[in-house]
């Protein structure tokens, strides 16, 4: 019998680690071992499962007991990392054929252990339960390692178990600093391109063959790198003690990658970070601080660059690696356990590391892959087919014929052009008016209100804490204004557009172009359901001609119109993110689209969020996180509006133009998608949408998409039927309810989506998959639907004209007046409108304007109670001497009288007012000028102004006002002691605005309804600021919106966006 000092035969002990109780792949792994051309001399199954049922399973497997090997089962406590399980089992290996139960006890790991001479000829073959070696894998490994005593570790070429043609690992490539540059081979087709590899830095622990004396000299796996980097660390230390680490490509192993993110199988940020820490633990002590600093700086810079290139997952991986030096205790502990055992100079290992040039090329390739567009089929030259290597026959690339499409043959183009013509016919009565050409003041009527302002004015209405026409009012959360502002700015750049009324022009064009824009968005959004063009063209015509859109346009419902345009993107994106492999741009674009929909029509945001919540609960994998983003982030983008819902929930069911009067619409008309009101046309025109949607649901059965669309449609229909019973607010002419058209939009979107999904697989890019008869039927239905919806569009264009309700806004006052409104004095004018009945309506008009559409609050005459008192004083002849001073207290410089009624009586009254001078008696409007006031010494006249200085109750000087609601920055000259600054704004302005002189805030004093501020005699830098709404919240909104917008824009190619 041989002693320990004598040579022994070459033996292999296979260590099969089983950690999962259900062990779904274990049977395949055992059968692979049984079918091997060379069996290990001993099979040790390490049972780390909770149920400890492996002995029974092995007993039921007849081939295991009959094979020419000794079988043992070592039972270890479950829940421990792979490396620690192996260490525990190797330490307590039972004699061949016997079993053992090992209690997990604290012990010193990674310490050198006694080595016997026979350990040089015993090899440990490490196998995971999901690692199935090829029949000749062990034979190939043994053939190579038996040829050299220097080899300490050998590894297999690891392939994907579900797709054996795809590589997982053929050795690990790292730089000295631990940068992982071997991920390029992961997922590559196995064409033998890496079969010439031999000496490597490290190999995967799946299928690793390690000599037992090397394992014991190293002390096994280091506890600092359990779970991530254990194979890399043990291989690196083997190099340092003079042993060779090789990969044997002829030895193949297949590993299941489903749900794995550990070690080198599929590097995750955590694993890449651990690789960096291995490098820091195995470098020289002198190089440690410099390498740590280099890792921190280089990874941070590259992470920022990748984030700017919109690669969030790769950027996250770089930032994770940048934190590797912070694991100092782990690094120093690993260094201490290996101190004094290295026998090879680190410089001698230079050849197994990727040189720094390779790391630079890898970083450049990563950046280039992110910014290089993906070539189209037309960009790929036609070449002769070439041999693709050892892949399956059905994986060969098929030749692609010349493209059938083209811009002119794209039905989407012709649909948009047809809808443009339909919009022109619909607005035929106003097509030549200044409102549509951008030279007028926009439209009014229905839910629309005059909106004569420019982009700056729109921005200030959203941003300022004190906004609104007349004397102003506290700003309210109106998130849709921030979306109109950039559109107004773009409109101002167009030639021939009235820049001072660009806000009104934008609102007008949104209404006019609602049909073509809705069709375009619906056509693009339909790609989520099917790529077939003609069904999407029919869906676009159906969506753009719905009665919900024509009635919303005719009633001036700005919010529902814009929401109707954008909602297909939001809803289609919400369903798309529920798929397993949806991209980041799709997710972020969906969040932005949902936020736009919520800004204009909050009830539709509720629907989109519900879809996101469902995906977050039942979606697969990362789809749950994407669903949560769709459900939550749009509300965060809406900022303070969302916060205000906790105080008053009613805006959730309203929006600009989202209210309706109480009227009885028959339920059957709602089922046919007709909400009633102006802009309605033939009710039965909704039958095709309903019929096709039901047919699509019937064909789809109870799949996930069809079930979701069915439930969504029922929710929308229920909301439409119940909307008329919810009284949100009481106006002077009756209660207001949510508009039922928004619920019908959800119902219609679900029906159209179900019809498109019903054609999936029939008219898609590979029509050969569908039976010929079914395909012909689908073509016939699509053709008929396109013709029917085209006819309905023509009917809607001719009958659903909006001119009965919506009309051009009245022209502004004369240029003499309007120039003064926007000048340095920022005066207002009092407009008195006389109706045919003799009723006089007053409005205080300044450079500011109100919201473009009505919301929860009923519109009231501008100016409030102070304007009513001044108007009453003006129209009483016995108080004529007080009228001019009262007008100047409101900053009024002109009085304008218009309207169809008789003006003679009021004209006679105004002629008696001292300080009023008539400067125009035109038929359209009469204009009166308010005379300036004189100072006490009579030497200076002070004209009406928004802001002025006074002393002892008499004005002494004007103060220029540059923008809305008295905002200004100017130099206050020195003057008399006791003077006061007067601001002609509502009394509530003092709670939001601030006045400072040389940086010192001045407190307001309310006197006779006016805001006064004591001014120092020395003067100084005067700043008047009406304040900003929730500046910190707005800053967060802007940062989140910028990030989402940046990530939503596709950049680079699709493959690079899906990789880490």
Mind checking which residues of segment 998-1040 are assigned to a helix (DSSP H, G or I) and surrounded by fewer than 18 Cβ atoms within 10 Å (Cβ to Cβ)? 1031, 1032, 1033, 1034, 1035, 1036, 1038, 1039, 1040
Just checking, how many residues over segment 622-652 are more than 23 Å from residue 1029 (Cα to Cα) and touching a residue at least 12 places away in the same chain (Cβ under 8 Å)? 8
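Looking at 109, 113, which one is modelled with pLDDT under 90, more than 29 Å from residue 52 (Cα to Cα) and not in a helix (DSSP H, G or I)?
Step by step, each of 109, 113 is checked, and only 113 is modelled with pLDDT under 90, more than 29 Å from residue 52 (Cα to Cα) and not in a helix (DSSP H, G or I).
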For residue 1022, are the conditions met, namely being modelled with pLDDT of 90 or more and out of contact with any helix residue (DSSP H, G or I) (no Cβ under 7 Å at 6 or more places or on another chain)? yes
Being crowded, with 20+ Cβ neighbours inside 10 Å and either under 17 Å from residue 1008 (Cβ atoms) or at pLDDT 90 or above (or both) is true for just one of 969, 995. Which residue is that? 995
Just wondering, is there one or more residues in segment 164-172 that are part of a helix (DSSP H, G or I), within 37 Å of the chain's Cα centre (by Cα) and crowded, with 23+ Cβ neighbours inside 10 Å? no
For residue 689, work out the one condition from (1) surrounded by 15 or more Cβ atoms within 10 Å (Cβ to Cβ); (2) at pLDDT below 90 it doesn't fulfil. (2)
Residue check, residue 892 closer than 16 Å to residue 825 by Cβ and more than 56 Å from the chain's Cα centre (by Cα): no
So, residue 986, is that one touching a strand residue (DSSP E or B) at 6+ places or on another chain (Cβ under 9 Å), closer than 23 Å to residue 464 by Cα and surrounded by 15 or more Cβ atoms within 10 Å (Cβ to Cβ) or not? yes
Checking residue 948 against (1) surrounded by fewer than 17 Cβ atoms within 10 Å (Cβ to Cβ); (2) modelled with pLDDT of 85 or more; (3) assigned by TED's automatic domain parsing to the domain that holds residue 986, which single condition isn't satisfied? (1)
From 888, 869, which residue is surrounded by fewer than 16 Cβ atoms within 10 Å (Cβ to Cβ) and assigned to a helix (DSSP H, G or I)? 869
Looking only at residues in segment 125-141 that are touching a strand residue (DSSP E or B) at 6+ places or on another chain (Cβ under 7 Å) and not in a strand (DSSP E or B), which one is farthest from residue 10 (Cα to Cα)? 130
Can you say whether residue 975 is farther than 30 Å from residue 864 by Cα, modelled with pLDDT under 90 and surrounded by fewer than 17 Cβ atoms within 10 Å (Cβ to Cβ), as far as the supplied structure shows? yes
Would you confirm whether or not segment 84-95 contains a residue that is more than 26 Å from residue 203 (Cβ to Cβ), assigned by TED's automatic domain parsing to the domain that holds residue 17 and modelled with pLDDT under 85? yes
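Are any residues in segment 831-850 under 18 Å from residue 459 (Cα atoms) and buried (at least 22 other Cβ atoms within 10 Å of the Cβ), and if so, which ones?
Correct list: 846, 847, 848, 849.
The values are calculated or read from the model by the stated rules, or taken from the named source; none is laboratory data. The structure displayed is predicted, hence computed values, not measured ones. Heads up, the Cβs are rebuilt from the backbone with ideal geometry, glycines too, and the neighbour counts pull from every protein chain shown.
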